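The block underneath contains the structure these notes are about, expressed in structure tokens.
The values are calculated or read from the model by the stated rules, or taken from the named source; none is laboratory data. Only a predicted model underlies this, so the values are computations on that prediction, with no experimental measurement involved. Here the Cβ is made from the backbone with ideal geometry for all residues, glycine too, and neighbour counts use every protein chain on show. These area figures cover heavy atoms from the full protein model, side chains too; ligands, DNA and RNA do not enter into them. Shrake-Rupley method; radii C 1.70, N 1.55, O 1.52, S 1.80 Å.
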Amino acid sequence: MSGYASGIVAILCINLIFAYAVFITAAAGQLNLGAAGFQAVGAYAAASFSNLGWTPGWATIPAAMAVSGLTGFLLAFPVLRTKGVYMVLATFAFGEVVSGILLQTSLFGGAMGMVVPDYLPLSSLVAGAVFATLLVFFLMATRFGLALRAIHDDDLVATVMGVNVRAMQVAVFTIGGALAGLSGALYAHHFSFVEAQYFNSTLSIFVLLFVLIGGTQTAWGPLAGSLFFTLVPETLRIGGSWRFVIFGAAIVLMMVVRPEGMITRTLVARFRRRPAAVKPVAITVGEPHVR
Amino acid sequence: MSADAMLKVEAVNKSFGGVKVVQDVSFSVARGGRTALIGPNGAGKTTMFNLISGVIGMDSGAITLDEARIDHLPARKRIGVGLSRSFQNIRLMPHLSVVENILLGQHSRIGGLGELFAPIGWISSAPARAEAMRRLSEAGVDVDPDAPVAGLPYGTRKRIEVVRALMSQPRLLILDEPAAGLNPRETADLSTFLKSATADGLTLLVVEHDMAFVHGLCDHTVVLNFGRLIYDGPTAGVRDDAAVREAYLGARAATVGGAGRAA
């Protein structure tokens, strides 16, 4: 594989894990606009442990996931006191705070960043991406996943059905934090360098877009979103400096055509079932109280 | 009848701001019986349901289920002690399929983390799914179980919501206007279904406006008006009760004693 291609695959793997981190909370209806903060926590944790001389080199990965997962767990309590746009703002503020702390702390190299001694090859990134993908697909197929989707649709009814909404939300913030940390740790080890400026709010916005444009209804959404956002700008390179303009227009178009994301449940169901198994649904005219 | 009461509501009060929505209301629901809670619009029926199911908290009073206080329990724990409900406006999860909505009704029966993290989507023959399918067919719902509920006819969705409430295997089922918006044929079918669903001793409490439906289904009726209890007795006696007649005739003429809907 050429250096260019392997570079794209590496970014794709990191973006995919990162997208699943945001997806798992979005599946339960909570938008995280501070994901770069969690990724930074994972990246800097891995970088720090690596600089402390941990062996084997990969041991920093679970440790970094634990640190960022714990961060997600602890952040969940204040953040879950807010709802809707205020939650988005609270998570955004978290991302900014992390970035600010890293820039100001000389232990983490400040604006100079940190060199990461242990290198992890592309195969580790692919393994991480496969792990995150399988984990999220598995979770979404369980009663836990069903409860998350129920909270997304109607948290009051989910509560009446016996779902511990708060515990679920804390759990997904923890899992999401750990996955974002995984993406950050792999980034640190593969590119051998971390700097606070990289984990900025634009990155948080982009990963949220991966998920929203990919679709939050099924675990296929982040996969489609990451592929779209990673590969389309590359293929548009032939358009020269106009590529981000074309890309922006493509995003707007996508939101118009498929507001619920590229991959919806209906789309997945259509692929899964044979057309003959689909029963026609009667259309009743003039029925009252249709929501 | 208090000796054989499944649900007891005692001196319950609830105000929203300065408005007393429920005032000193006491009644009980007999074990294994079918009780109706009726009253003109704004009488506090849905508020009463929300208090019983814990969706909102009450100001004072006591609610007991089988002699045990439940009013201190949060809403999510009440289904675990055997209380299950439906909503006035259908509140199925629009992005979930029919069978997924039904499976959600089993959530309170999950034994532990092992069951919480057991995949249900991959094994179509799983016992949980089999139970969901059986309940659906018992309720006479003949639709593609994997279709999203959002596109289904109103009457079907209404029925699915009752099935979802039954999936928790409740002792007391409370339904908020199950017949609202149904045509006469669907209403009759629902009545038959609810009779068969409660045949094995399940206790039922319904809020309903359709008096023909109430007369056909419920042996006991409780009437609220402006947040106060005005009648608590056999359904057969409701139409002849002076206080009930005044409450309805004052608000809207030719309802009590007339056929069909009272409000």
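Below is a table of values for the structure above.
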| read-out | value |
| --- | --- |
| Matching residues in the range A:108-130 - criterion: being assigned to a helix (DSSP H, G or I), in contact (Cβ under 8 Å) with a residue 24 or more places away in the chain and open to solvent by 20 Å² or more (accessible area, probe 1.4 Å) | A:Phe108, A:Ala111, A:Met112, A:Leu122, A:Ser124, A:Val126 |
| Some residue of the range B:117-131 being more than 8 Å from chain A (Cβ to nearest Cβ), buried (at least 20 other Cβ atoms within 10 Å of the Cβ) and part of a loop (DSSP other than H, G, I, E, B) | no |
| Test for B:Val9: is it surrounded by 15 or more Cβ atoms within 10 Å (Cβ to Cβ), among the β-branched types (Val, Ile, Thr) and within 11 Å of another protein chain (Cβ to nearest Cβ) | no |
| Qualifying positions in the range B:76-97 - more than 7 Å from chain A (Cβ to nearest Cβ) and among the basic types (Lys, Arg) | B:Lys77, B:Arg78 |
| Hey, B:Asp189 of a type in the set (Asp, Glu) and open to solvent by less than 20 Å² (accessible area, probe 1.4 Å) or not | no |
| Selected residue (criterion: farthest from the chain's Cα centre (by Cα)) from residues of the range A:155-210 that are closer than 20 Å to A:Gly72 by Cα and not in a helix (DSSP H, G or I) | A:Asn164 |
| Residue list for the range A:217-273, filter: within 15 Å of the chain's Cα centre (by Cα) and surrounded by fewer than 18 Cβ atoms within 10 Å (Cβ to Cβ) | A:Leu227 |
| Single residue of the range B:104-113 satisfying the filter (open to solvent by 10 Å² or more (accessible area, probe 1.4 Å) and facing another protein chain (nearest Cβ under 7 Å)) that is nearest to B:Leu152 (Cα to Cα) | B:His107 |
| Answer from B:Pro148, B:Pro153, B:Pro184, B:Pro178 - the residue that is more than 10 Å from chain A (Cβ to nearest Cβ) and open to solvent by 20 Å² or more (accessible area, probe 1.4 Å) | B:Pro184 |
| Residues that are touching a helix residue (DSSP H, G or I) at 6+ places or on another chain (Cβ under 6 Å) and of a type outside the set (Gly, Ala, Ser), drawn from the range B:15-48 | B:Val21, B:Val22, B:Arg31, B:Arg34, B:Leu37, B:Pro40 |
| Verdict on A:Leu135 being surrounded by fewer than 24 Cβ atoms within 10 Å (Cβ to Cβ), more than 10 Å from every other protein chain (Cβ to nearest Cβ) and outside any loop (DSSP other than H, G, I, E, B) | yes |
| Selection from the range B:137-170 of residues that are part of a loop (DSSP other than H, G, I, E, B) and β-branched (Val, Ile, Thr) | B:Val141, B:Val143 |
| Pairs with Cβ under 9 Å, 6+ apart, first in the range A:209-221 and touching a residue at least 24 places away in the same chain (Cβ under 8 Å), second among the basic types (Lys, Arg) and open to solvent by 10 Å² or more (accessible area, probe 1.4 Å) | A:Ile213/A:Arg258; A:Gly215/A:Arg258; A:Gly215/A:Arg265; A:Gln217/A:Arg149; A:Gln217/A:Arg265; A:Thr218/A:Arg265 |
| Residues of the range B:51-71 satisfying the condition of being open to solvent by 30 Å² or more (accessible area, probe 1.4 Å) and within 14 Å of chain A (Cβ to nearest Cβ) | B:Val55, B:Ile56, B:Gly57 |
| From A:Ser6, A:Ser48, residue being in contact (Cβ under 8 Å) with a residue 12 or more places away in the chain, farther than 30 Å from B:Leu96 by Cα and surrounded by fewer than 19 Cβ atoms within 10 Å (Cβ to Cβ) | A:Ser6 |
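Residues are listed down the side, and each one gets a yes or a no for (1) at pLDDT 95 or above; (2) over 13 Å from A:Val170 (Cβ atoms); (3) open to solvent by 50 Å² or more (accessible area, probe 1.4 Å):
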| site | (1), (2), (3) |
| --- | --- |
| A:Thr71 | yes, no, no |
| A:Leu75 | yes, no, no |
| A:Thr82 | no, yes, no |
| A:Ala93 | yes, yes, no |
| A:Val97 | yes, yes, yes |
| A:Leu103 | no, yes, yes |
| A:Ser106 | no, yes, yes |
